[in-house]
1. Considering only residues that are touching a helix residue (DSSP H, G or I) at 6+ places or on another chain (Cβ under 6 Å) and either under 18 Å from B:Ile505 (Cα atoms) or modelled with pLDDT under 85 (or both), which ones fall in region B:455-493?
2. In the list B:Glu417, B:Glu394, which residue meets the criterion of being closer than 13 Å to B:Tyr500 by Cα and open to solvent by 30 Å² or more (accessible area, probe 1.4 Å)?
3. Filter region A:16-27 for residues that are open to solvent by less than 100 Å² (accessible area, probe 1.4 Å) and either modelled with pLDDT of 85 or more or farther than 17 Å from A:Leu107 by Cα (or both); which is farthest from the chain's Cα centre (by Cα)?
4. Can you pull out every residue in region B:210-226 that is open to solvent by 20 Å² or more (accessible area, probe 1.4 Å) and more than 9 Å from chain A (Cβ to nearest Cβ)?
5. Might you let me know whether region B:29-37 holds any residue that is open to solvent by 20 Å² or more (accessible area, probe 1.4 Å) and closer than 21 Å to B:Leu124 by Cβ?
6. Of the residues A:Ala357, A:Ala325, A:Ala299, which is surrounded by 17 or more Cβ atoms within 10 Å (Cβ to Cβ) and within 9 Å of another protein chain (Cβ to nearest Cβ)?
7. What is the residue count in region A:139-182 for residues that are more than 25 Å from A:Phe199 (Cβ to Cβ) and in contact with a Phe, Trp or Tyr (Cβ under 7 Å, 6 or more places away or on another chain)?
8. Would a scan of region A:269-287 turn up a residue that is within 13 Å of chain B (Cβ to nearest Cβ) and surrounded by fewer than 20 Cβ atoms within 10 Å (Cβ to Cβ)?
Amino acid sequence: MRIGEEITMENHRLLHALFKNQKKFLFLMFFLIFGGIFLLRAFQHKVILAGNQAYYLLSILQIPETYLRGMWIIPPLLGFFCFLLIRHLALQLDFSQKSLFFFLFFLLLTPAFTFSFTTITLQGISLFLFLLGIFLFFHKNKWMHYFSPLLFLAAITVDIFTSVFLILLLFFILLGKKEKRGKALFILGMLCLVLAISFFFFHPIFLRGPFQEESLMKTIFADLGSGGAGIFLILLAGVGLGACWKQKKLRLSYLLLTVSFFGTLLVERNFLFLALLIVFFAGEGAVYFYERKWEIPEARKFTLFVVTLGILLTFLISFQQQTFANPSQEEVTVFSWMKENIPVSAKILSLPKNSYALQYFAQRLPYLFPHEKNNEKEKISEDIFSSTYISTTFPLLESQNITFIYFTPEMKNNLPAEQGILFLLRNERFKLRFSHQGHEVWEFTPETQQINTK
Amino acid sequence: MEKTKQFLWGIFFCVLAVRLILAFTLPTFTYESYFHLRQTEHITATGLPLYHDPLSYGGRELIFLPLFHYLAAFFDLFLPLEFVAKVLPNLLLAGLVLLTYFIARELGYSTHGSLFTAGIAGFLPAIFSTNAFTPYSLFLPLIFFAIYAFLKLQQKGIDEEKSEEQKQKQINIKKNSRMQKKYVYLYLIAFLLATLTSPATILLLLGFGIYFLISLAENKKLPRDEWEIFIASTFFYLWIQLVFFNEVIKKEGVSFIWQNIPTAILPQYFPPVSVSHGIILVSIIPLVAGIFVVSRSLASAKDAKTFLLTGLAAAAIIFTFLRLLPIKLGLSFLGILLAILFANFYDGIFPFLRKTKLSFTLQRITTILFLGLLLTTVYPALSTALKQSIPFSEEVKAFDWLSTHSEKDATILALGEEGHLLTALGKRKNVMDDQFSLRDDAEERFTEVNTLYLTLFQTQALQLLEKYQVKYVVFTPHARQHYQLKRLRYLSPECFHLVYNHDDIKIYERKCALEKK
């Protein structure tokens, strides 16, 4: 192609075909991704529901283990409805064909979205309720409208951050539609009132979690952690942010982005809503690349090739992580043994990330949960694992009433074998009570008990 | 023209000859080179880099960019590795003579000025480590080739402006289109290869970024093709880093940038910039000339191409100052840029002098300049080459001795710096070396290796030697000098048998163990 010739991607056959048949393509993609994750988890002998938050919720709701087999269907079903509702909402908001395609395509490749709907998360449920509320609000049948405030109310009960974000998003969507402005203002007013009342009288949680210990970088960049969005998607979102600056109707989305960014920055773990905005701007960025006239076609081809590879790489990393995420069947076997053989009052020390599944399956109390944010307990736990001398470790275990320690193969690999807790296990006060496929449960006998036994 | 070519090739061969003479005169390689030699050897034998190293730190994972090693391994297929390791880096770095000349010419500088540039770049003290077999010897030529191709892309705009007739313009556009395509590909290939050679390629991206900022500040309209090239390069760079260093970034987070180097030895890798040493390494005359040219071009805001060099130089300074780049690499990059800017200075100073009463002394000034450069560039370069940090050939022999006289699974204590020498020649496990990436215990090992050389107490030494399952302890003149020690103070004949004692190098075998109660 010559310099000066208008080079765009309008003549790109494959993309053109994808735009045209996007509905079929995107639904097929949804089923392949979600079906793939669940199938591969089944083949890997992993318990179908992964992630700590799911077991935190299942423990709180006291849902018996027997129902677990049937529960796996709920998250993908919610995900599918969310996907449908997002598509419906995007059409209502007059997204162009290209914007819609890139938005939904990137959404499906975003780990924050797939993770939220392959397991049970409050953010996923909240988003579903919110989207359903919007759908009913715009429904032709007027009776349906009365249900939408109820759904909005349910959606904002998760925590304050989710409430603020959803109210802002609602404000952005509802006020865009002039014909329903009155009703929209009424609903928004009501939600703000409910939020204010609950804030002043019930002191609700600012943000639930974190349910796992991860750094901010790992929370945001999917390439480095388990959730988040890919770095290339974030870069594309940067391009989209610049490209959308001139569109006045999108100005409020910058406010939403700021709120969700600071929400994530403050408490680090709530990424689904920020991911939605990143995906939206990344879609706009892709449209900008698509419609832009490139002077150097080679640079365009090269850039698109690398961006596609980058997004696919992130997706594959996260796909693999979700497939291998714990708990495994071996862990469940150990937890079942604990349930049968360990006293109900026993306190069990392990890595904080194992706590939720342990609590749910073993029905015993773990020493430390990540969401407790208890620095003192974290320090004690670290000291027990790293201490070289029994004179340090034993008093700590005794003072904290820890009587059992659960080791996973990963823990044993990461801890030094010739010093620290693994070395101290040779002491007579530790007794191996159960071992299965590299997972071990050790019992610690406190001094008082030892004297009594003698 | 023919004479210029002869001069240019003359400088090239002169630089190459001096480098090769020095390389073959000194019998060994720099300490870090032994890591790259071992990787090259492994690629030649198996076709794959040694990402799981069973000897380093007693066995560990290690991720690095492998292009340089593959290139060396290719030559190793039909030439002896030692010969390849001495010739290839020197040939590549001597290639900078040609590259800098063409870059200077591309920037519109005179042939005389460009020849001076070539000479300065060839004898730049910062890159005159003739016995270093490291990826930087490939990285620097690649990065400057990418800069050359990028400058060639800029040529298009100038030609279009010059053509007046519509027909001629069309012909120019067609011609330039083909030319541009060629240079786009050359740029992309050079950038791609540089990205696969060293993560320091980010220097180029940051340099472009600063160049764009300067251009915007000076109200210059940025050509779209430059933006497009920049975007393509940024995306590719990030992708490669993510593909190769994903695990490292995941594990080390931000400290990945500092290669997980223990804080105690960070100053050794990123020493605070000593002004006098820095000036010697980049050479004083090009430095003064460079500062003059940059300040003049920023003040006049005319020369867009100088903005690019200014941006690149600023990137090198920022990265070196923030300790994101090894000092030597930062100074090498900066030194070459200053050598290029020297041509601009040369071209500016002579027309100015012609207009003054000093015009009759032009010939003499050129001679003085030439002699000044000889004194401030060539002499420090030779001195740098002769003072390279390399092991003595006796030390090399001692490590070689270990490969035949120690148990195959033995772990051997040597200085961290000598770690690669031990794994490459001794073919035995070391306690530590200077590849700290992906090692959680790098800091701990560093402290404990120091303790093992400095402690007075045998029980402490034995405890640590047992911890790392060390069977032999190597005590070289280098270690003696490093710790200012005459001998290891905890040694006793009952526990440590002297098994090697030649040329002041001692190897002890541990015979004792602490009894565990």
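1. B:Thr476, B:Tyr483, B:Tyr490 - these are the residues of region B:455-493 that are touching a helix residue (DSSP H, G or I) at 6+ places or on another chain (Cβ under 6 Å) and either under 18 Å from B:Ile505 (Cα atoms) or modelled with pLDDT under 85 (or both).
2. From the options B:Glu417, B:Glu394, the qualifying one is B:Glu394.
3. Filtering region A:16-27 for residues that are open to solvent by less than 100 Å² (accessible area, probe 1.4 Å) and either modelled with pLDDT of 85 or more or farther than 17 Å from A:Leu107 by Cα (or both), the one farthest from the chain's Cα centre (by Cα) comes out as A:Ala17.
4. B:Ile210, B:Leu213, B:Ile214, B:Leu216, B:Ala217, B:Glu218, B:Asn219, B:Lys220, B:Lys221, B:Leu222
5. Yes, that holds for at least one residue.
6. After ruling out the rest, the residue left standing is A:Ala299.
7. The number of residues fulfilling the criteria is 1.
8. No, there is no match, as no residue in region A:269-287 is within 13 Å of chain B (Cβ to nearest Cβ) and surrounded by fewer than 20 Cβ atoms within 10 Å (Cβ to Cβ).
The values are calculated or read from the model by the stated rules, or taken from the named source; none is laboratory data. As the structure is a prediction and not an experimental result, all values here were calculated from the model. FYI the Cβ positions are ideal-geometry reconstructions off the backbone, even for glycines, and counts take in every protein chain you see. Keep in mind that these areas ignore ligands, DNA and RNA; they rest on the heavy atoms of the full protein, side chains included. Shrake-Rupley method; radii C 1.70, N 1.55, O 1.52, S 1.80 Å.
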